[in-house]
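The values are calculated or read from the model by the stated rules, or taken from the named source; none is laboratory data. Given the structure is predicted, the values throughout are model-derived calculations rather than measurements. Cβ placement follows ideal geometry from the backbone for every residue including glycine, while neighbour counts extend to all protein chains displayed. These accessible areas exclude ligands, DNA and RNA; they are computed on the full protein's heavy atoms, side chains included. Shrake-Rupley method; radii C 1.70, N 1.55, O 1.52, S 1.80 Å.
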Amino acid sequence: MYCPVEKEMIINATPTEVEIALMENGRLVELHYQKTNSNFSVGDVFLGKVQRLMPGLNAAFVDIGHKKDAFLHYTDLGPKLRSLLKYSAGVTAGNISTHKLDNFKLEPEIVKTGKVDQVLEKRQNILVQILKEPISTKGPRLSCEVTIPGRYLVLTPFNEVVAVSKKIGNAEERKRLQNLVESIRPKNFGVIVRTAAEGKKTAELHEELAFMMSKWEDIYQQMYKATPPAKLLSELDKTSSILRDLLTDSFNRIVVNDKELFQNIKNYLATIAPDQIKILSLHKGSRPIFETFSVDRQIKASFGKTATLSSGAYLVIESTEALHVVDVNSGHKMSNAAADDAILNVNLEAAEEIARQLRLRDIGGIIIIDFIDMKNPDHKKDLHLKMREFMKKDRAQHTVLPLSKFGLMQITRQRVRPEVKINTAEVCPTCNGSGKINASVLLMEDIQRDLDFVLQSQSKAKLTLSVHPYIEAYLKRGFFNQQIRWFRQYFRWIKIKPSNQLAMTQYKFYDEHNDEIRLS
């Protein structure tokens, strides 16, 4: 029986960044961060200048205003490079007076196996789009195949091809969309029909096409007589771009904690999906939004070197710059002589969690997985098929290879943004990371000294001492305990309250209004 997936988007906005958590059936599957001052995002369009050619790499380095020149490889130039260069030169010189390409003569395509110094020149102006954000010490990676994405369509200038998403399985619907888009596309513009366009009417697609053409006009106006480096078009902020790419009828809820961002998303939904406004809500609780929806807890549980599964098995995840290794361990609950079916079940459970971890951490490059050894060939085949099924939800391009003769599975996954790395380790509140604490035998002397001080300044108020439960047990141990001794000494009853939030050697004093009494 099919169970629909509950999809939620939880958005936490702070003055410096926006955090977006995607949940499926209450489980965290994707985590996105966007700095509010970020200047380089995937999809941004720039007018750049070729700084130097590197024939050995068959690539060029382009100045787009980043502290490090952006990288443009020959394979990312696209076959229509000559047309793009001709258009860029004409617009920046002021010789082309319209954004439309009706009267623009397309140039011959470049060959796939050519050399960069045969098609580009140093100091040349060039229209580029960010393919990958700056990662580690590298600058952005660029492409000359400029695309303007919408919810249903993607516009590709200097092209005349209409391509329909392969995920639309119905042959009649594919043909309908092909003919429909072919009839409304502008001259010398290609169009990619996205999966979300299935079943959409002519008016909806025509309206979106007109909106994307207005964006192309914005690029033209920004580029007209411009001097590089110059940003011509900003991609939507990450929240809106995720909404555009992910929002379907299967989304159940979007919750945001910032009034301004709430209004922006509401306006954006009114444009792209008016019927979905009802799923948007503003978080008004006193608790932080990520705490309310258990996002913080899941972040703490999901990031780190190990990830534990419900069966007791666990994953060990090790990473380098381009290679990531995942080791599946059965844990102490499985005997060495466990049945083949039991081993398969653990491997399947691990495969599902690995697919989630790849999305959650945005791990890219080559991933090697060492599953628990299986002897049954059918089980190996089942594991491979299931892994491909689990990875279907992943929007990043990926390839899942069958298990090798050594029992290893290899996955390649596209890396577009830096890997999400969250350090879940916390500084020890007792030693503050030093690895050393004050002598525990002096704890009672410290409490006694501070108690004398507090009683002098709070002579009449009721007093509460909050300590770790172990210390509370020690202070109340026996008939003639420390609490009784304090009463006989000060003629005041000191209430002692246990707190799991305090470290073993921490303690706090509170007044009658339950306000903490600061000692320093």
Extreme residue, surrounded by the most Cβ atoms within 10 Å (Cβ to Cβ), among residues of the range 447-475 that are farther than 19 Å from Phe491 by Cα and touching a residue at least 40 places away in the same chain (Cβ under 8 Å): Val467
Identify the single condition in (1) within 26 Å of Val50 (Cβ to Cβ); (2) at pLDDT 90 or above; (3) polar (S, T, N, Q) that Gln178 does not satisfy, given that it satisfies every other one. (1)
Of everything in the range 86-111, what is in contact with a strand residue (DSSP E or B) (Cβ under 8 Å, 6 or more places away or on another chain) and open to solvent by 20 Å² or more (accessible area, probe 1.4 Å)? Give them in sequence order. Ala89, Thr92
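Every residue, every condition in (1) touching a residue at least 60 places away in the same chain (Cβ under 8 Å); (2) hydrophobic (A, V, I, L, M, F, W, C); (3) closer than 30 Å to Glu207 by Cβ, yes or no:
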{"position": "Leu72", "(1), (2), (3)": "yes, yes, no"}
{"position": "Ser83", "(1), (2), (3)": "yes, no, yes"}
{"position": "Asp102", "(1), (2), (3)": "yes, no, yes"}
{"position": "Gly114", "(1), (2), (3)": "no, no, no"}
Of all residues in the range 468-520 being in contact with a Phe, Trp or Tyr (Cβ under 6 Å, 6 or more places away or on another chain) and not charged (D, E, K, R), which is farthest from Leu442 (Cα to Cα)? Trp493
Residue check for Gly285: over 22 Å from the mean Cα position of the chain (by Cα), over 23 Å from Ala355 (Cα atoms) and free of Cβ contacts under 8 Å to residues at least 60 places away in the same chain: yes
Would it be correct to say that Leu57 is touching a residue at least 12 places away in the same chain (Cβ under 8 Å) and crowded, with 20+ Cβ neighbours inside 10 Å? no
Looking at the range 291-410, what helices (runs of 4 or more DSSP H) fall wholly within it and have at least 1 residues that are open to solvent by less than 20 Å² (accessible area, probe 1.4 Å) and among the polar types (S, T, N, Q)? 295-302, 340-361
When the residues of the range 492-518 are narrowed to those that are closer than 19 Å to Arg477 by Cα and not in a loop (DSSP other than H, G, I, E, B), which ends up most open to solvent (accessible area, probe 1.4 Å)? Lys495
Quick check on the range 445-479: of everything there that is aliphatic (A, V, I, L, M) and in a helix (DSSP H, G or I), which residue is farthest from Gln501 (Cα to Cα)? Leu455
Scanning the range 146-193 for residues that are touching a Ser or Thr at 6+ places or on another chain (Cβ under 7 Å) and open to solvent by 60 Å² or more (accessible area, probe 1.4 Å), which turns out farthest from His66 (Cα to Cα)? Lys167
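The rows are residues; the columns are (1) over 17 Å from Leu232 (Cα atoms); (2) out of contact with any helix residue (DSSP H, G or I) (no Cβ under 8 Å at 6 or more places or on another chain).
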| residue | (1), (2) |
| --- | --- |
| Ala21 | yes, no |
| Gly26 | yes, yes |
| Ser41 | no, no |
| Gln51 | yes, yes |
| Pro55 | yes, no |
| Arg82 | yes, no |
| His99 | no, no |
Selection over the range 251-275 where residues are assigned to a helix (DSSP H, G or I) and not aromatic (Phe, Trp, Tyr) yields a count of 14
Can you find even one residue in the range 51-61 that is in contact with a Pro (Cβ under 9 Å, 6 or more places away or on another chain) and either part of a strand (DSSP E or B) or of a type outside the set (Asp, Glu) (or both)? no
Residues being under 16 Å from Asn159 (Cβ atoms) and surrounded by fewer than 19 Cβ atoms within 10 Å (Cβ to Cβ): count how many of those fall in the range 195-211. 0
From the residues in the range 276-290 that are at pLDDT below 85 and in contact with a helix residue (DSSP H, G or I) (Cβ under 9 Å, 6 or more places away or on another chain), which one is most open to solvent (accessible area, probe 1.4 Å)? Gly285
What are the residues in the range 47-97 that are over 21 Å from Lys115 (Cβ atoms) and under 29 Å from the mean Cα position of the chain (by Cα), if any? Leu47, Asp63, Ile64, Gly65, His66, Lys67, Lys68
